[in-house]
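Trainee: For reference, the structure I am asking about is given below.
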Amino acid sequence: MLLRASSEAIGQEVDASAVVGGGDPGIAHGAALAAYATAAHEGSALAEATDAVRAAVGDDGWVEAAMTVAVFNGLVRTADASGIPLDAGVVSATADDRERLGFGRYAGSANSDLTIAGGATPHPDRFN
């Protein structure tokens, strides 16, 4: 499962599948950062992951990593709690990548009807 994405923001190609599959996404200290994000999300082995990421990027880098994890955690929780569906364009444009990365296994995927080709329909029971 390899999904490579070029990012002008960081000026290099990264392996996005490492975000959900583990491993090294192809950026400096990527394996330690990905392991830290996973540990912070799952709440397991966090002390070890924190030590590893601090050793790799220093205290300032660890604080940035912790803030990034916190922001994304909050955004996902807000979207899930609100029942925000993906819009039709995003559903269509990301279908292959979502399948390769296994995003359908996450609870938040229930907020979008990802089976309708070319469009997303909110689940009616979430808006009653």
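The values are calculated or read from the model by the stated rules, or taken from the named source; none is laboratory data. On a predicted model such as this, the values are computed, not experimentally measured, just so you know. Every residue, glycine as well, gets a Cβ built from its backbone with ideal geometry; the counts of neighbours run over all protein chains shown. Areas reflect the complete protein model, heavy atoms only, side chains present, ligands, DNA and RNA absent. Shrake-Rupley method; radii C 1.70, N 1.55, O 1.52, S 1.80 Å.
Trainee: Only one of these conditions is not met by GLU64: (1) farther than 18 Å from LEU101 by Cα; (2) modelled with pLDDT under 75; (3) of a type in the set (D, E, K, R). Which number is it?
Mentor: The failed condition is (2).
Trainee: Continuing with the same structure: Give the range 71-82 a look and list any residue that's open to solvent by less than 80 Å² (accessible area, probe 1.4 Å) and free of Cβ contacts under 8 Å to residues at least 24 places away in the same chain, or say none.
Mentor: Matches in the range 71-82: GLY74, SER82.
Trainee: How many of the residues making up the range 83-128 are open to solvent by 60 Å² or more (accessible area, probe 1.4 Å), of a type outside the set (Val, Ile, Thr), out of contact with any Leu (no Cβ under 8 Å at 6 or more places or on another chain) and modelled with pLDDT of 70 or more?
Mentor: Summing the residues that are open to solvent by 60 Å² or more (accessible area, probe 1.4 Å), of a type outside the set (Val, Ile, Thr), out of contact with any Leu (no Cβ under 8 Å at 6 or more places or on another chain) and modelled with pLDDT of 70 or more in the range 83-128 gives 9.
Trainee: Something else now. Given the condition in a helix (DSSP H, G or I) and modelled with pLDDT under 80, answer yes or no: does some residue in the range 36-47 qualify?
Mentor: For the range 36-47, residues in a helix (DSSP H, G or I) and modelled with pLDDT under 80: absent.
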